[in-house]
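Reading through the structure tokens given below for one structure.
Values in this text are rule-based calculations from the coordinates and carry no lab data. None of these values were measured; they are calculated from a predicted model. Please note: Cβ atoms are built from the backbone with ideal geometry, for glycine as well, and neighbour counts cover all protein chains shown.
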Amino acid sequence: MAAHLGESHNPLGGLDQRCRMRARLQSGLVLRAEAVNGQIETAVGRSAARLALHVAAALDAGVGGPRPALALRQRRSVA
């Protein structure tokens with residue numbers, strides 16, 4: 001996975017923060033996501049969330065390679 005951060009001037013005279021992320025799956029498929037916002041933390045979070053959705057969709061479609069099994073804890077009943 002790779003992430004690139006940058007700044008650009010917006011038409012209203014302010015600065016926009018840009019985050020571009022890229023992930024390469026085991027199958028070789030490359031997925032990309034980008035977000036632009038006034039705050040760098042928000043741009044990174046949105047880009048990561050979008051990339052996670054793309055990865056999940058690719059794995060659900062069976063094009064990303066084997067999907068890892070998740071170890072789930074069982075809930076305890078509260079008495």
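Listing for the model above:
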{"item": "Burial ranking of peptide ranges 7-15, 49-57 (average Cβ count within 10 Å, highest at the top)", "result": "49-57, 7-15"}
{"item": "Neighbour net charge for R20 - beta-carbon separation under 15 angstrom, K R +1, D E -1", "result": "+3"}
{"item": "Relative contact order for segment 18-68, counting Cα pairs under 8 Å that sit 6 or more residues apart, in percent", "result": "36"}
{"item": "Pairwise label distance in nanometres, R24 with A61, each label 7 Å out on the Cα-Cβ vector", "result": "2.0"}
